[in-house]
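Novice: This structure is in structure tokens; I'll ask about it shortly.
The values are calculated or read from the model by the stated rules, or taken from the named source; none is laboratory data. Bear in mind that the values here come from a model prediction, so they are computed numbers and not experimental data. Note: ideal-geometry Cβ built from the backbone for every residue, glycine included; neighbour counts use all protein chains shown. Note: areas computed on protein heavy atoms with side chains; ligands, DNA, RNA excluded. Shrake-Rupley method; radii C 1.70, N 1.55, O 1.52, S 1.80 Å.
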Amino acid sequence: MSNEKQFDVVVIGGGPGGYIAAIRAAQLGFKTACIDEWSNAAGKPAPGGTCTNVGCIPSKALLQSSEHFEHAGHAFAEHGINVSSLELNLPQMLKRKDSVVKANNDGILYLFKKNKVSFFHGRGSFAGKAEGGYTINVTGPSTETLTAKNVVVATGSNARELPGAPFDEKIILSNTGALAIDAVPSKLGVIGAGVIGLEMGSVWRRVGADVTVLEGLPTFLGAVDEQIAKEAHKLFTKQGLKINLGCKIGAITKGENNVTVAYADSTGAEQTATFDRLIISIGRVPNTTGLNGEAVGLQLDERGFVVVDDECRTSLPGVWAVGDVVRGPMLAHKAEEEGVAVAERIAGQHGHVNFNTIPWVIYTSPEIAWVGKTEQQLKAEGVAYKAGTFPFMANGRARALGDTSGMVKFLADATTDEILGVHIVGPVASELISEAVVAMEFKASSEDIARICHAHPSLSEAVKEAALAVDKRSLNF
């Protein structure tokens with residue numbers, strides 16, 4: 001085998017975990033390759049995984065566009081901006097989304113070139129063990145055989161299908177089809193009131209769809225702090241999202257241009273609803289199809305995840321796995337942190353990922369973001385805590401923006417005052433949460449945040465005020 005095809009590190013998968021792992025490995029001096037099979041409409045390489053191609057990036061593009069449309073139709077008049085004959089150009093909206101995606105794809109390819117990462121466009125799979133490492137086959141647009149001392153599996157996840165309702169991406173949609181509906185559906189159904197369901201439901205509601213969300217659990221956003229979730233439910237319902245909790249989904253019958261869902265509601269009563277399009281967002285499953293891990297004895301658990309230890313080592317020496325294909329939250333930024341940590345561990349360094357300070361975000365309007373423990377978790381664990389909240393309606397910048405919905409909530413240890421969790425529902429919560437992440441990484445107290453000067457007027461003042469409220473000394477409410 002030629003030396004050109006021998007690598008210190010081969011990363012299988014070019015999503016957030018994979019491409020970041022490859023770049024960091026190359027920065028550390030390893031001869032590195034990354035294999036990724038995503039292609040764009042022109043058949044060209046489209047690294048970035050689900051996140052860049054059919055997840056985080058395109059959904060944020062559509063959320064932004066649809067929010068502009070809603071503001072133009074409903075909020076601009078209050079600012080003295082009159083818009084007449086408002087018109088939706090959906091093809092242009094989708095075209096812009098695609099251009100945002102392509103810019104990210106091209107950016108990753110540029111970063112590979114800049115960092116001297118060899119990129120192979122195709123599907124990577126284990127062929128067997130080689131002297132001092134492993135043999136990896138690449139099939140697809142690129143056909144190669146590589147050898148690697150270290151292999152990082154970063155193959156991501158796929159949308160979970162409902163039995164009896166396979167995705168056709170025309171009528172029954174996963175996140176992929178939900179991002180590419182070619183005409184605004186009159187009636188849109190969403191099964192699953194999680195991140196994807198709420199974000200996609202919000203996009204299409206804003207541009208004119210009548211959206212009904214069917215959620216199996218009896219509680220709304222059960223992983224979110226209960227007080228924050230209740231506030232979000234109230235706001236989403238006011239916007240026009242019809243959210244039905246405690247639904248037991250029955251038969252799903254697809255017609256030529258619609259789909260009918262039979263379900264039992266929270267009272268047990270049988271219901272049926274017919275939709276023009278149906279988005280199914282009931283979670284994701286690890287993607288190991290075609291990886292051929294059995295060729296080298298790669299261990300998977302009963303749910304199909306690659307089995308790893310706390311440091312992302314698999315059962316095989318020199319084989320690592322990161323991101324959605326392993327345990328832990330299926331979040332792009334979690335995958336990135338693991339990718340960096342693994343590259344550093346291969347170099348003999350001490351890579352670090354703190355699961356307790358990974359932020360979560362739902363990019364609806366208002367946004368929902370949190371880090372650390374919820375109030376219900378602290379109660380269940382018997383932890384004595386203090387809570388402080390501050391509403392955006394008392395924040396000057398929020399009033400000027402015209403978006404005063406929601407609040408910031410702090411949870412701190414009753415004895416030490418160490419911050420245990422911060423929860424936000426409100427404008428740009430995704431940006432505001434970073435201060436809380438930094439504070440918790442440094443084991444700050446709520447008093448520390450309360451004593452830091454925040455610019456006025458800014459939304460960040462609501463964070464300071466919520467920290468002050470822990471000690472019942474909020475200044476502006």
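Novice: Counting only protein heavy atoms and a 1.4 Å probe, tell me what percentage of the stretch 1-53's accessible area is made up of carbon and sulfur.
Specialist: Carbon plus sulfur share of accessible area: 48 percent.
Novice: I would also like to ask the following. Going highest first, how would you order 321-329, 186-194 by mean Cβ packing within 10 Å? Before the final figure, lay out the partial values.
Specialist: Values: 321-329: 24.7, 186-194: 22.6.
Ranking, from highest mean packing down: 321-329, 186-194.
Novice: How many lysine pairs does the stretch 193-312 hold where the Cα atoms are under 24 Å apart and the two sit 8 or more places apart or on different chains?
Specialist: Numbers: Lys230/Lys238; Lys230/Lys242; Lys230/Lys248; Lys234/Lys242; Lys234/Lys248; Lys242/Lys254.
The result is 6.
Novice: Let me ask something additional. Highest mean first, how do 346-358, 102-114 rank when packing is the count of other Cβ atoms within 10 Å averaged over residues?
Specialist: Result, highest mean first: 102-114, 346-358.
Novice: Report, to two decimal places, the Cα Rg of the stretch 192-262 normalised by 2.2 N^0.38 Å (N = number of residues).
Specialist: Scaled against compact globular proteins, the figure is 1.17.
Novice: So, for the stretch 337-454, what is the accessible surface per residue at a probe of 1.4 Å, expressed in square angstrom? The partial results should precede the final answer.
Specialist: Working: 5080 Å² over 118 residues.
Per residue, the stretch 337-454 has 43 Å² of solvent-accessible surface.
Novice: Could you work out the helix-only [θ] at 222 nm for the chain, with each DSSP H run of four or more residues adding -39,500 (n - 2.57) and the total divided by the number of residues, to the nearest 500 deg cm²/dmol?
Specialist: That comes out to -9000 deg cm²/dmol.
Novice: Diagonalise the Cα gyration tensor of the stretch 149-237 and give the resulting equivalent ellipsoid semi-axes, square root of 5 times each eigenvalue, largest first, whole Å.
Specialist: 25, 21, 13
Novice: Roughly to the nearest percent, how much of the accessible area of the stretch 348-464 is carbon and sulfur, given a 1.4 Å probe?
Specialist: Carbon and sulfur: 54 percent of the exposed surface of the stretch 348-464.
Novice: Hey, another quick one. If you restrict to DSSP beta bridges whose two residues both lie in the chain, what percentage is antiparallel, to the nearest 5? Can you show the working numbers first?
Specialist: On the way: 53 of 84 bridges.
Beta bridges within the chain, antiparallel portion: roughly 65 percent.
Novice: GluC sites (Glu not before Pro), restricted to the stretch 259-366: which are DSSP loop and have at most 15 other Cβ atoms within 10 Å?
Specialist: Filter output for the stretch 259-366: Glu302, Glu311.
Novice: Shifting gears a bit: Where Lys and Arg each count +1 and Asp and Glu each count -1, what net charge lies around Met407 among other residues with Cβ under 15 Å from its Cβ?
Specialist: So the surrounding residues net to -2.
Novice: With every protein chain left in place, what is the accessible area per residue of the stretch 192-328 in square angstrom, probe 1.4 Å?
Specialist: On the way: 6120 Å² over 137 residues.
On a per-residue basis, 45 Å².
Novice: On to the next question. Counting other C-beta atoms within 10 Å, and keeping those with at most 13, which DSSP coil GluC sites (Glu not before Pro) do you find in the stretch 127-168?
Specialist: Qualifying residues, ordered by number: Glu131.
Novice: Quick one: Cα centre-to-centre distance for the stretch 383-462 and the stretch 81-159, in angstrom?
Specialist: A separation of 36 Å, based on Cα centres.
Novice: Tell me, how many Å apart are the Cα centres for the stretch 256-320 and for the stretch 23-76?
Specialist: About 21 Å separates the Cα centre of the stretch 256-320 from the one of the stretch 23-76.
Novice: Could I ask something else about it? Taking the alpha-carbon distance from Lys31 and a cut-off under 20 Å, which aspartates and glutamates remain once sequence neighbours fewer than 8 residues away in the same chain are dropped?
Specialist: Here the aspartates and glutamates satisfying the reach criterion relative to Lys31 are Glu4, Asp8, Glu131, Glu144, Glu336, Glu338, Glu344.
Novice: Another question, then. Can you match log10 I(q)/I(0) by the Debye sum over Cα atoms at q = 0.06, 0.07 Å⁻¹ to one of these, (i) -0.36, -0.49; (ii) -0.27, -0.37; (iii) -0.30, -0.41, based on a calculation from the structure here?
Specialist: Of the listed options (i) -0.36, -0.49; (ii) -0.27, -0.37; (iii) -0.30, -0.41, (iii) comes from this structure.
Novice: Could you order peptides 34-40, 421-427, 387-393, 124-130 by the average number of other Cβ atoms within 10 Å of their residues, highest first? Intermediate values should be presented prior to the final figure.
Specialist: Values: 34-40: 23.3, 421-427: 27.9, 387-393: 20.7, 124-130: 19.0.
Top of the packing list down: 421-427, 34-40, 387-393, 124-130.
Novice: Determine the share of the stretch 89-162's accessible area contributed by carbon and sulfur atoms, expressed in whole percent, with a 1.4 angstrom probe. All intermediate terms of the calculation are to be shown ahead of the outcome.
Specialist: Values: 1870 of 3740 Å².
That share works out to 50 percent.
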